[in-house]
Each structure stands twice: as structure tokens, then as C-alpha cells.
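Take a look at the structure set out below.
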Amino acid sequence: MLDHGVRPGTGFGSSRCGPRVMRVVTSGSAYLDIDAYACCIAYAELLNHQGIDARAVSSAPLNASISRTVLGWQSSLDDYLPRAGDEFVLVDVSDYQHFDPMVVLEQVVEVIDHHPGFENYWAQKLGSAADILPIGAAATLIFQRWEAAELLPLISEKSAVLLATAILDNTLNFTGQLTTQSDIRAYEVLARRAKLEADWPERYFSECQATIESDLIGALAVDTKRLKADSNLPQVFAQMAVWDASALIRTHRSTIGHWLAAQGGDWLLNVISIRECKSYFLAEPLVSQQKLSHLLSIEWQAGMAVLERSLLRKELLTLGLARISVVSKPFLVL
Ligand SMILES: [Mn+2]
């Protein structure tokens, strides 16, 4: 019943008078990253092509991944206030405690996401209208909808470029552990359609880095997690993903150290360097260095250690929980 978006007497083609039901495509409550933003806009566009009235709507602030150039494309969310009876589509989010406050849980008709944890809940509630898969970017799933509907020739250049950039961002330029062949293929097709230049990844991530550097403490603060005191990882755990970590560290080392030291005596910053596909760890307290050395084969020099692959915080948390070493199991899938 939900597959086609048309319910008797309410949707498109209804013979009844009165307002039509709108399909509101929206995402999380804390902030919109480029994946969520692109998915809202491009999926609403697809639904409209399919004869379903849809709007891309969010009340969340945009984060640094929606860079100056991306904003310059002037694709935007719709100015729309949901009405009683409207239906909701969730993209790039499935945790029902963290979606946009405008969403009415009982009126969610579709979920498209790549975050783990709520697959069973939505499968029971929505059956095949819940599409939650471990994949690099939710944008790849939206691309697949366009392809399956055989409407890809109609996608706007703006939506194509947004989806492509979302895939770049969420896969860390295809170096992230969750990157799949589907992400890579979707990017290729979309980049060709959007006529993206070969140096777009570098330009995009450099621009995001410039935004981060323009308010370094702000960027640190939003991406710092506090772990429990008995954790075998540093209690204050900050992370950022940038194009060139060594340049950022060279310029901002003392600012970073001062701010993190003020947060507590056990701290770590993981700077993912997308250009080099490495992780730079900064930790001055000895106890923090020892915690990390227990989990990874790394060497500390003057408060810094470099890992020859990029490692996300969620992967380190998994390692910490399992108390296993990547030295003995280098290809462990997390
Ligand atoms: Mn995402």
C-alpha cells in the first residue's frame, strides 16, 4: 500500500476535495550534514517526478560539510510547514529519538538510512518501505532509487552534484570502512552527469578544512565525546576529518593542546587526513598515549602518533570495547 505513495482518497489523483497529503522528506534533529541535505532534496525531487507531492524540509542547522561552494549551488530546502495528515520520509536517520521534531512517528511511511541499530524496529513497522543498509552514504541509496525508477536522465544537475558530494564526504573520499562498490559506481555516474572536475574531491575537502580552521575551537567542541572514566580509551576524545591533517596540526597544534588540556587530564584528538589516508593522533598526557598504544601498534613522538590508515572514532570505540589489537587482527571488519 505504501510502495506507490498513493493512498486511496488522499494522494495524487484523488477525486476528493480538500488539501492533498504532502510527503515530507526530512532527517535528523541535531544538524544536517551534506548526506542528509542531499538526500532530502534529491529524494523529494524524485517523488515529485513520480507524481507524489513531496517537499524537502528540515529545521536543523547545516554543518561544515555543506561548504561555501555547495551553498553557492543554490539548491535549497523547501519552505514548508507540515500539516496534520502529512506523511514523513526519513533519510539518513533511523533513530526515532533523533529525527527532526516536526516528524509524527505514526505517520512515517518510509525510511532510507545507513546507520545501524534500528533495522528491526523499522522492518516490523514498515516492511519493505524501510531501506536501511550498511553502505558508505545514504545518498547512494537515493541514487539507486532514481536508477530503479528509470528517471536518472531527468535528475537535475543540482541534485546530481549534491548526491555525488555527499558520497565523497560520507565515505571520506572512498577510504572509509563502509565504502562499497555501489558508492563508487554511484559517484562515477553522478559526477559525469554533474560534470564534476577531477580535482573536486580535493577542492571540496580543502574548503571544509578552511571552514573548520576558521573556528577551530568550535569544530573541536562539536566533535568531542566524553567517555566513561573506566574506559580503556582517553576520556576526552575529539575527532576531525580534513584534507591535510599535517598542515592543520602544524598551524594549530598549541591551540588544540591548550583547549583539550582544559577539558581534562586524559585526552586524545584523532585527525583523519583524507589526502594521505592516515590518522594523526595527538595526546600529551602519558596515560592517554598508553591507552592508545594498548590498542594500536603506534609510536609516540612529542605527543603525536601517525597511523598509516584512517581510523574513525567509532572503529576505535569498537576496538576498545573488544579489547583486541589490530596488530593481531589487521583485517577485522568493524
Ligand atoms: Mn550519512
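The values are calculated or read from the model by the stated rules, or taken from the named source; none is laboratory data. As the structure is a prediction and not an experimental result, all values here were calculated from the model. Quick reminder, even Gly has a Cβ in these numbers, built from the backbone with ideal geometry, and neighbours come from all protein chains shown.
Would you mind stating whether Asp131 is surrounded by 15 or more Cβ atoms within 10 Å (Cβ to Cβ), closer than 22 Å to Leu172 by Cβ and in contact with a Leu (Cβ under 9 Å, 6 or more places away or on another chain)? Full working, then the answer.
Details: surrounded by 15 or more Cβ atoms within 10 Å (Cβ to Cβ): yes; closer than 22 Å to Leu172 by Cβ: no; in contact with a Leu (Cβ under 9 Å, 6 or more places away or on another chain): yes.
It is false that Asp131 is surrounded by 15 or more Cβ atoms within 10 Å (Cβ to Cβ), closer than 22 Å to Leu172 by Cβ and in contact with a Leu (Cβ under 9 Å, 6 or more places away or on another chain).
Scan the range 59-96 for residues that are within 30 Å of Trp200 (Cβ to Cβ) and among the basic types (Lys, Arg) and jot them down.
Within the range 59-96, Arg68 is the sole residue that qualifies.
Search the range 23-52 for residues being assigned to a loop (DSSP other than H, G, I, E, B) and hydroxyl-bearing (Ser, Thr, Tyr), and hand back the single one that is surrounded by the most Cβ atoms within 10 Å (Cβ to Cβ). Break it down stepwise before answering.
Step one: filter the range 23-52 for residues assigned to a loop (DSSP other than H, G, I, E, B), giving 27, 29-31, 33, 50-52.
Those still in the list that are hydroxyl-bearing (Ser, Thr, Tyr) too: 27, 29, 31.
Details: Ser27: 28, Ser29: 18, Tyr31: 17.
Here the residue is Ser27.
Report, by residue number, each residue of the range 113-140 that is in contact with an Asp or Glu (Cβ under 9 Å, 6 or more places away or on another chain) and in contact (Cβ under 8 Å) with a residue 40 or more places away in the chain.
His114, Leu126, Ser128, Ala129, Ile135, Gly136, Ala137, Ala138, Ala139, Thr140
What residue, of Ala56, Ala64, is more than 13 Å from the ligand (Cβ to nearest atom), without any contact (Cβ under 8 Å) to a residue 40 or more places away in the chain and under 24 Å from Leu168 (Cα atoms)?
Details: Ala64 fails: without any contact (Cβ under 8 Å) to a residue 40 or more places away in the chain.
Every option except Ala56 fails the conditions.
How many residues are away from the ligand (no atom under 14 Å from the Cβ) and either assigned to a helix (DSSP H, G or I) or within 12 Å of Leu133 (Cα to Cα) (or both) when one looks only at the range 105-116? Steps first, answer last, please.
Of the residues in the range 105-116, the ones away from the ligand (no atom under 14 Å from the Cβ) are 105-110.
From the residues that got through so far, the ones that are either assigned to a helix (DSSP H, G or I) or within 12 Å of Leu133 (Cα to Cα) (or both) too are 105-107.
Of the residues in that region, 3 qualify.
Any residue at all in the range 97-104 that's farther than 25 Å from Leu62 by Cα, away from the ligand (no atom under 16 Å from the Cβ), modelled with pLDDT of 95 or more and loosely packed, with under 15 Cβ neighbours inside 10 Å? Write out each step before concluding.
To start, the set of residues in the range 97-104 that are farther than 25 Å from Leu62 by Cα comprises none.
No.
Give the number of residues within the range 19-53 that are free of Cβ contacts under 8 Å to residues at least 60 places away in the same chain, out of contact with any Lys or Arg (no Cβ under 7 Å at 6 or more places or on another chain) and farther than 18 Å from Ala139 by Cα.
Count: 2.
If I ask for residues that are surrounded by fewer than 18 Cβ atoms within 10 Å (Cβ to Cβ) and among the aliphatic types (A, V, I, L, M), which ones from the range 269-289 would you list?
The answer is Leu286, Val287.
Taking only pairs six or more apart or across chains, which ones have beta-carbon atoms under 7 Å, a first residue in the range 252-272 that is aromatic (Phe, Trp, Tyr), and a second residue that is outside any helix (DSSP H, G or I)?
Trp267/Pro234; Trp267/Val236; Trp267/Ala283; Trp267/Pro285
Anything in the range 223-251 that is farther than 11 Å from Leu269 by Cβ, under 19 Å from the mean Cα position of the chain (by Cα) and without any contact (Cβ under 8 Å) to a residue 60 or more places away in the chain? List them, or say none.
So the first thing to find is which residues in the range 223-251 are farther than 11 Å from Leu269 by Cβ, and the list is 225-233, 235, 241-244, 246-247, 250-251.
Now narrow it down to the ones that are under 19 Å from the mean Cα position of the chain (by Cα): 225, 241-243.
Residues satisfying the conditions are Val242, Trp243.
For residues that are more than 16 Å from the ligand (Cβ to nearest atom) and of a type in the set (A, V, I, L, M), scanning just the range 33-53, find the one that is nearest to Arg20 (Cα to Cα). Write out each step before concluding.
Keep residues of the range 33-53 that are more than 16 Å from the ligand (Cβ to nearest atom), which gives 44-53.
Pick out the ones that are also of a type in the set (A, V, I, L, M) and you get 44, 46-47, 52.
Working: Ala44: 16, Leu46: 18, Leu47: 15, Ile52: 10 Å.
The residue in question is Ile52.
Restrict the check to the range 257-270 and report whether at least one residue is charged (D, E, K, R) and at pLDDT below 90.
Going residue by residue through the range 257-270, those that are charged (D, E, K, R) are 266.
Remaining after also requiring at pLDDT below 90: none.
Checked against the condition, which is being charged (D, E, K, R) and at pLDDT below 90, the range 257-270 yields no hits at all.
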